[in-house]
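Below you'll find the structure, written out as structure tokens, and then a few comments.
Every number in this text was worked out from the coordinates using simple rules, so none of it is lab data. Predicted model only: the values in this text are computed from it and were never measured. Positions of Cβ are generated from backbone atoms using ideal geometry, with glycine treated the same way; all protein chains shown enter the neighbour counts.
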Amino acid sequence: MGRIAWQRWLQTLRIHWLVAGGESGPAGQQADQITINDDGSVDLGAFGVSRFDPLSGTWLTTHFLLRGHLAGDESAFEQYVNAHRLAFREQVAMTVRDCSVDDLADPKKLGRKLAVRLNRVLGARYLKSMDVDGLEIYDMKAPPETDPSAEPAVASDR
């Protein structure tokens with residue numbers, strides 16, 4: 001499928017803002033712009049990531065603030081993240097979803113995993129390290145009607 005076909009498909013699904021490089025979000029909302037602090041750190045925002053565990057029937061939700069410490073070209077990093085903010089945030093979410101519970105419980109280990117993944121995506125070593133602040137992890141049992149692993153209801157013939 002060619003690029004034009006994908007753009008039409010995204011527009012049909014009303015997520016045409018992805019076609020424009022993630023510069024604006026749903027309903028025309030502008031994505032947050034990052035700025036680099038004087039000490040070479042950058043606040044990358046608040047994140048909330050959920051995942052479902054079908055074996056236990058629970059949702060694991062993780063909330064945290066993310067800050068990066070830059071090692072490479074600051075202007076190139078800022079330009080890339082500001083242009084592709086949603087794709088950048090999705091990489092963070094994918095990394096968190098791929099982590100084990102033990103990795104999530106250790107903010108330093110989670111920060112190292114995020115720095116490695118994001119540097120790989122960026123194609124250069126822009127991030128020296130990542131700080132995960134205010135880490136909160138919730139484990140909630142999914143209600144039966146929203147549990148994807150639940151058996152479908154069967155109507156009786158009474």
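Couple of notes before you dig in:
- Integer Hz, Karplus 6.51/-1.76/1.60 couplings in order for region 70-87, x for Gly and Pro: 7, 10, x, 5, 5, 5, 5, 4, 4, 5, 5, 5, 5, 7, 10, 4, 5, 5
- Here the Karplus curve 6.51 cos²θ - 1.76 cosθ + 1.60, taken at θ = phi - 60°, turns the phi angles of region 104-111 into couplings of 5, 6, 10, x, 5, 5, 4, x Hz, with x standing for Gly and Pro.
- The charge dipole of region 31-141, taken about the Cα centre with unit charges on the Cβ atoms of Lys, Arg (+1) and Asp, Glu (-1), comes to about 400 debye, rounded to the nearest 20.
- Environment charge at Val132 (Cβ cut-off 14 Å; Lys +1, Arg +1, Asp -1, Glu -1): 0
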